[in-house]
Every structure is written in C-alpha cells, then in structure tokens.
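Take a look at the structure set out below.
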Amino acid sequence: SIPMQTLQCYNDYISLTTCTWMVCSEAHKFLNVTLNFEEDKEMTCRSHRGESHADCQNSTMHWVCHIHGYEQETYNFKFDLTLHAELNVHLFQNVQTLPPQNLSVSLMRSGDFLLTWKAPDGSQGLGDALEYEVTYKRKWESWEQAVSLLLSNTTRCHLGHKDLVPETSYVARVRTRLGQASGSSRQYSKWSTEVSWETPESDLQPKNLRCLFNGADRLTCSWEVKKAIVTSVLFGLFFRATLASAEEECSPVHEQALPHIPYVVQSCEIPVSNSSSQRQYHVSVRAKTEEKLIEPWKNSELL
C-alpha cells in the first residue's frame, strides 16, 4: 500500500519518534487511515497536501506524526471502517474451466473445413457435461460480426464450403462451459488460441446471401459477388412475399467495396407491410438481363 511504502520513522535517541507517510487524496475522501503501534504512547499528527505520486490519480496527503518515545519498532495502519468480504464456495457449483486446447483446422476432400480441439485440462472429472461455443469470422470483421455455433458432447465442428466465402481469410476460436444439467453457474471459459485458414477460389456465383428483419417494416438482404465481374454483370434481388404472390424486384441495390477481399457487398431493403411470426419470404439473387434498343435507321454509317 502507498502508506506502508512511504512510511519512514526516525528518533532523537531521547524521547521523540517522528514518522512521515502519505496517502492518495482520492482514498482520503472515503477512508481515514491512522498510524498504529503496539505500545500505548501519546501521538500527535498533522497533515498537508503534497505532490503527486505515480500510483495516485491526483495529489497526495502527507502526514507527520510525533510519538513520545523511541523504543517502538513495529508499525501498522488501521482504518475507521471494517473492510471485509466472505463467501462459502461450493466447488462444482462455481466452475470456470480452462480454455479448450489444440484448436486446429483441416481441409476435407469435399472442400469443407473441420475444426477440432481437445477438452481443457482438469475437465476429466466433469464427464460429458461440457458445452462448446465456436465462433468464426473473416479476418477483417470484428468478433461482434462472427458466426456463433453451440455444440454439446463433441470436440469438432464441421464448416461447409457453401457457408464460407471463397478466396477469403477466416479465423476461429472456441470456449467451453458446463452443460445445463450440471447445476453450475455455467461460466464460460476464456477463449482458446485462434486458428486461421484460407478458402480456395470458387465459381462466379453470388455468395453469402443473408437477410435480417428489423422487427418492424424492413427486410434487409445482402450478398457478395466477385469484384472482377461487377462491371459487366448487374445482379438483382428478387422476392416473393408469399408462395402464391408474384415475384418482385427489390430496388435500389447498394454496393460496398471491401478492400480486404476480391468481392463486393451488394444489398437491398425489402419493405414489409404486413409482418407476422408465420410470414416467410422467398428471396433470390441472379444476373439481370439488360436490353438496349438500337434503331437501324438512326444508326447507319456509309462505307
């Protein structure tokens, strides 16, 4: 503590001991700290504001105490409040395991990816009660944008190539907690070390089509297309509000270039006028057919 670090005492070898020490001013606002010693001797103290200290947020309070006597050797500090906390801990009701170990990724013959890991050290006595959360994302995305998967009784996770964007760097991590049947507080472990991989090049089909409803009046859909072809091909978002309704085209389509990958993100908002929990939209993205009327008599050139 700052008081004990700064405590210094010296005596005159006759009848007086002088002790100096300091306390951070922010602590002094909440707590009275008093010099204490074993023998019952008279002591007078005074304080003044002093210079700053590296461990104090603001200034310090300097104390000077005069003790009548010089035989004292052991000092401590007492407080005007009793500061304590206590708890009875039931071990298996308050478990936070170590993180999973040896997270790795491998490419399967199908083109899918397989994440594998080992259960954390010390979890053998917990039986099959562990749950795992796997999150993965593209390297340039934040972890808040990551996909989250919850798994039980397994130490592997299968990622289909259709769920991943080609020619992209991905990163994944995993953590664990006790299952619901354990009766524990189910605190998650810290995250494992991360593992990364690259997805191979693929065809020119639109990728990563996803839609999110705002709960009120908008269904926003986004997809990704290869940057090299967007100057030659226009993609449109088409939807049906019900299976029986006519197909409509969403407009306008917005586009955002991503500097980290050879793809651009295109998106469109579909207005929702009559929402219900049973409502289901069918959406599709496809290349649009462009037409241009060229009238021969207006576009002739003599040889």
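Okay, here's what the table says:
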| item | result |
| --- | --- |
| Enumeration of residues in segment 17-36 that are at pLDDT 85 or above and over 15 Å from PHE77 (Cβ atoms) | THR17, THR18 |
| Long-range neighbours under 6 Å by Cβ, at least six apart or interchain, first residue in contact (Cβ under 8 Å) with a residue 24 or more places away in the chain within segment 258-282, second among the acidic types (Asp, Glu) and assigned to a strand (DSSP E or B) | TYR263/GLU224; VAL264/GLU255; VAL265/GLU224; GLN266/GLU255 |
| Qualifying residue in segment 145-157 (condition: in contact (Cβ under 8 Å) with a residue 60 or more places away in the chain, within 22 Å of the chain's Cα centre (by Cα), surrounded by fewer than 15 Cβ atoms within 10 Å (Cβ to Cβ) and in the same structural domain as THR97 (by TED's automatic domain parsing)) | no |
| Hits in segment 12-37 - residues which are under 20 Å from LEU83 (Cβ atoms) and more than 44 Å from the chain's Cα centre (by Cα) | LEU35, ASN36 |
| So THR220, is it outside the structural domain of SER104 (by TED's automatic domain parsing), at pLDDT below 85 and either among the hydroxyl-bearing types (Ser, Thr, Tyr) or surrounded by 12 or more Cβ atoms within 10 Å (Cβ to Cβ) (or both) | no |
| All strands (runs of 3 or more DSSP E) inside segment 151-248 with 1 or more residues being in contact with a helix residue (DSSP H, G or I) (Cβ under 7 Å, 6 or more places away or on another chain) and of a type outside the set (Val, Ile, Thr) | 169-178 |
| Residue match in segment 236-245 (condition: surrounded by 12 or more Cβ atoms within 10 Å (Cβ to Cβ) and under 26 Å from PRO200 (Cβ atoms)) | no |
| Unique match (being within 35 Å of the chain's Cα centre (by Cα) and among the acidic types (Asp, Glu)) among ASP55, ASP80, ASP40 | ASP55 |
| Condition check for LEU16: surrounded by fewer than 17 Cβ atoms within 10 Å (Cβ to Cβ) and among the hydrophobic types (A, V, I, L, M, F, W, C) | yes |
| Sole residue being out of contact with any His (no Cβ under 9 Å at 6 or more places or on another chain), without any contact (Cβ under 8 Å) to a residue 40 or more places away in the chain and among the β-branched types (Val, Ile, Thr), chosen from VAL171, VAL105 | VAL171 |
| Strands (runs of 3 or more DSSP E) fully within segment 1-83 counting 1 or more residues that are touching a residue at least 60 places away in the same chain (Cβ under 8 Å) | 8-11, 75-79 |
| Test: residue in segment 209-218 that is aliphatic (A, V, I, L, M) and closer than 30 Å to SER169 by Cβ | yes |
| Selection from segment 97-125 of residues that are modelled with pLDDT under 85 and surrounded by 14 or more Cβ atoms within 10 Å (Cβ to Cβ) | SER123 |
| Qualifying positions in segment 191-209 - more than 13 Å from TYR263 (Cα to Cα) and not aliphatic (A, V, I, L, M) | TRP191, SER192, THR193, GLU194, SER196, TRP197, GLU198, THR199, PRO200 |
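The values are calculated or read from the model by the stated rules, or taken from the named source; none is laboratory data. This structure is a prediction, so every number in the text was calculated from the model and none was measured. Quick reminder, even Gly has a Cβ in these numbers, built from the backbone with ideal geometry, and neighbours come from all protein chains shown.
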